[in-house]
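Reading through the C-alpha cells given below for one structure.
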Amino acid sequence: MEPTLIDKPRALNYYCANASEINSKLKYAKIIGTGSSVPKTVLSNSDLEKMVDTSDEWITSRTGIKERRIADENTAASDVAYKAAEKALKVACVSPQNLDAIIVGTVTPDFVFPSTACVLQSLLGAKKAYAFDLMAGCSGFLYTLHVAEGIIKSGGAEKILVIGVDILSKITDFEDRSTCILFGDGAGAAVLTASDKPGILSSILSSDGDDWDLLYVPAGGSRTPIGEEVLKSRDQYIKMKGNDVFKVAVKSMESATINALNKANVSPEDIDLFVPHQANYRILEAVRKRLNFPEEKVFANLDKYGNTSAASVPLALDEAVNKGRIKEGNLVLFAAFGAGFTWGASVVKL
C-alpha cells in the first residue's frame, strides 16, 4: 500500500526506494512544430545612414547586420506572436483548443497587464490553456522552454505553446546610433508535447543581477514612471554599455553551452547545428571559436533581422528548419544571453 506523506518516515522510504521507477515514467518535452513571423517593413543600413551618423560599412563590419524588420505604430507583440503561433500549430497539427498552456517570453508586452500570453490566448481561441508571460530579456525563449519542459515532465500539461517575441523598435532610441543599429522586431514559436521519445535533453539557465544597469530601460516601471522629465531625457529607451555587455556575453554563453553539452552527455562533435542568440556577429564568432564549432554548423540570420531579443533563437530555429538545415533526429544546441543579466543553453533532439 502506498503511504501518505503524513506518515513521513515511511513515505520517504517508499519514494526513495521507488525513485527509479517513478523517474522512468517522466515524459520528455519534445518540439513538434515551429513557426515565425516578422513585420513587412525593412529598415536597411542605408536607411539608418539618413537618420544618424553611421554607415553601412561601419555597421556591417562591427555587427554583421545589414537590415532589420520594424513594426508599424499599430502593431504590438501579440499581433506578430499570433502569426508565428498559427504557423507552429499548423506544422504540429495541433488545434489551439487542445493547448494546455501558453508561455510568452517578451520584454515588450502589449500592456503592463494583462499578459501578452492572455491576449494571444484570446486571439487563438485556446480556451483550455492557462497563459502567462516570462521576462528574461534576450534569453526569454530558452527560459520559456525550460519552464515548459518542467511543467510537462511534472504532468501539469501535455501540449504547450512557447513563444519568444519582441517589438524592440518601440523602445529603441533612433537618435542613438550605438543602439538603433542593433535591434529589430519579430516572433518565433514552438509547440511542445509530452513524448516518450527524446526531446529536450538538457537545459541550463543562469543569471547575475549585479550588472543590471549595463543593459536596461531606465523608465516605464514602478521606479521611474514615464513623465515629462523622462520624455526629455529619453530614458524610456534602451540604454546599453556595449563593450561591457560583449565581454560578459561571450564568457557566459561559452560556459552555458559547455554545461548543457555535459548535462546531455554529448560532445560538440555530436551537435548537428548550433543556433545561438543573434545579437552580434562578433559575439557569435567568439563563442564559435571557443567551442571549436565549424562555421557550417552555426546558423546565423542576424544580417536580415538584427537582434530580435526573445524572438532571436526561435526565429532562427524556424528558418533553419524551413531551409532544411535541421532534420528529424538532429541534435540542436541553443544558447542565449540577455538583459538581467540572464543566459542559458539547451540541447534538443528534434
Inter-probe distance in nm under a simple model that places probes 7 Å from Cα toward Cβ, at residue 248 and residue 111: 3.3 nm
Set of aspartates and glutamates with alpha-carbon distance to residue 241 below 17 Å, sequence-local pairs under 8 removed: 173, 175, 176, 208, 210, 211, 213
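Of the DSSP beta bridges with both residues in the chain, give the percent that are antiparallel, rounding to the nearest 5.
70 percent
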Highest-fluctuation residue, 165, 38, 230 considered, GNM on the chain with Cα pairs under 10 Å: 230
Dipole moment magnitude, nearest 20 debye, the stretch 28-197 about Cα centre, only Lys, Arg, Asp, Glu C-beta charged: 820 debye
Estimated distance in nm for a label pair at residue 123 and residue 173, the labels positioned 7 Å out from Cα along Cα-to-Cβ: 3.0 nm
Label corresponding to semi-axes √(5λ) of the Cα gyration tensor in Å when calculated from the structure given, among (i) 40, 22, 20; (ii) 41, 28, 18; (iii) 35, 23, 20: (iii)
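Take the alpha carbon gyration tensor of the stretch 194-275, find the square roots of its eigenvalues, order them as a ≥ b ≥ c, and report rounded if a/c is under 1.5; if not, report prolate when a/b exceeds b/c, else oblate.
Verdict is prolate for the stretch 194-275.
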Sorted largest first, extent of the stretch 262-350 alpha carbons per principal axis (Å): 29, 28, 21
Ratio Rg/Rh, restricted to the stretch 202-349 and using Cα atoms, in which Rh is the Kirkwood radius: 1.04
Helix-derived mean residue ellipticity, 222 nm - over the chain, DSSP H n ≥ 4, -39500 (n - 2.57), to 500: -10500 deg cm²/dmol
Out-of-range pairs (alpha-carbon distance over 22 Å; input 170/323; 30/90; 170/251; 30/251; 251/349; 83/323): 170/323; 170/251; 30/251; 251/349
For the stretch 318-331, 3J(HN,Hα) per residue [Karplus equation, 6.51 cos²θ - 1.76 cosθ + 1.60, θ = phi - 60°, Hz, x = Gly/Pro]: 5, 5, 5, 5, 5, 8, x, 6, 10, 10, 4, x, 5, 9
Vicinal HN-Hα couplings computed from phi for the stretch 218-229 (Karplus, 6.51 cos²θ - 1.76 cosθ + 1.60; Hz; Gly/Pro x): x, 10, x, x, 6, 6, 9, x, 6, x, 4, 5
At R0 = 30 Å, FRET efficiency that the Cβ-Cβ distance of residue 56 and residue 211 yields, to 0.05: 0.45
Karplus-derived HN-Hα couplings along the stretch 334-350 (A = 6.51, B = -1.76, C = 1.60, θ = phi - 60°), whole Hz, x at Gly and Pro: 10, 8, 8, 9, x, 4, x, 6, 10, 7, x, 8, 8, 9, 10, 9, 7
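Only the coordinates and a few stated rules stand behind these numbers; no lab work does. Computed from a predicted model, the values in this text were never measured in an experiment. Positions of Cβ are backbone-derived with ideal geometry, glycine not excepted, and every protein chain shown enters the neighbour counts.
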